[in-house]
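A.B. asks: Shown below is the structure under consideration.
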């Protein structure tokens, strides 16, 4: 299934309900994935007090557990050193993840968006056929990324991410 690679800030906006209309539509039609360093960035930003997302919240954890996480590889590390833009190392690894795995990146970061190497999902340049591919079902993978099941909470618990990141009972 086609996926999008979300950078850290797009994921934060999704978790906090801060996506714009175009991003919300794009993310609602695709599976989400992240580079593994995004998880570290979330934890670090929380530690530094720069985000208010509760990483211990059950709904947030269910959402994060259902994302496809691209592992760091030698190919990604090497590609990150040959990009056509300069950013912080985490941004370069996120962009290199998109390049190596051929998955469009969703980002608002102007430093990254100048790249002619990184594939972008929301750059305005759609692939042949004029539209980004749409998943056949939910945008989050249904695979065995999370085995947690909490049957004590009602199905009506607060949803995160503009209603995009629904738990398995959603």
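A.B. asks: Tally time: how many residues in the stretch 98-108 are touching a residue at least 40 places away in the same chain (Cβ under 8 Å), closer than 9 Å to residue 118 by Cα and assigned to a helix (DSSP H, G or I)?
C.D. replies: 1
A.B. asks: Give the stretch 60-87 a look and list any residue that's surrounded by fewer than 17 Cβ atoms within 10 Å (Cβ to Cβ), in a loop (DSSP other than H, G, I, E, B) and modelled with pLDDT of 95 or more, or say none.
C.D. replies: Matches in the stretch 60-87: 71, 72, 73, 81, 82, 84.
A.B. asks: Can you find a residue in the stretch 112-124 that is modelled with pLDDT of 50 or more, closer than 16 Å to residue 38 by Cβ and part of a loop (DSSP other than H, G, I, E, B)?
C.D. replies: Within the stretch 112-124 (the criterion being modelled with pLDDT of 50 or more, closer than 16 Å to residue 38 by Cβ and part of a loop (DSSP other than H, G, I, E, B)), the answer is yes, since at least one residue qualifies.
A.B. asks: Then there is this: Would you confirm whether any residue within the stretch 15-31 is in contact with a helix residue (DSSP H, G or I) (Cβ under 7 Å, 6 or more places away or on another chain), part of a strand (DSSP E or B) and within 16 Å of residue 107 (Cβ to Cβ)?
C.D. replies: Within the stretch 15-31 (the criterion being in contact with a helix residue (DSSP H, G or I) (Cβ under 7 Å, 6 or more places away or on another chain), part of a strand (DSSP E or B) and within 16 Å of residue 107 (Cβ to Cβ)), the answer is no, since none of the residues qualifies.
A.B. asks: Suppose we filter the stretch 41-59 for residues that are within 22 Å of residue 97 (Cβ to Cβ), surrounded by 14 or more Cβ atoms within 10 Å (Cβ to Cβ) and out of contact with any helix residue (DSSP H, G or I) (no Cβ under 6 Å at 6 or more places or on another chain); how many remain?
C.D. replies: Qualifying residue count, the stretch 41-59: 4.
The values are calculated or read from the model by the stated rules, or taken from the named source; none is laboratory data. Owing to the predicted nature of the structure, the values given are computational and were not obtained by experimental measurement. Neighbour counts are summed over all protein chains in view; Cβ atoms, including those assigned to glycine, are modelled from backbone coordinates with ideal geometry.
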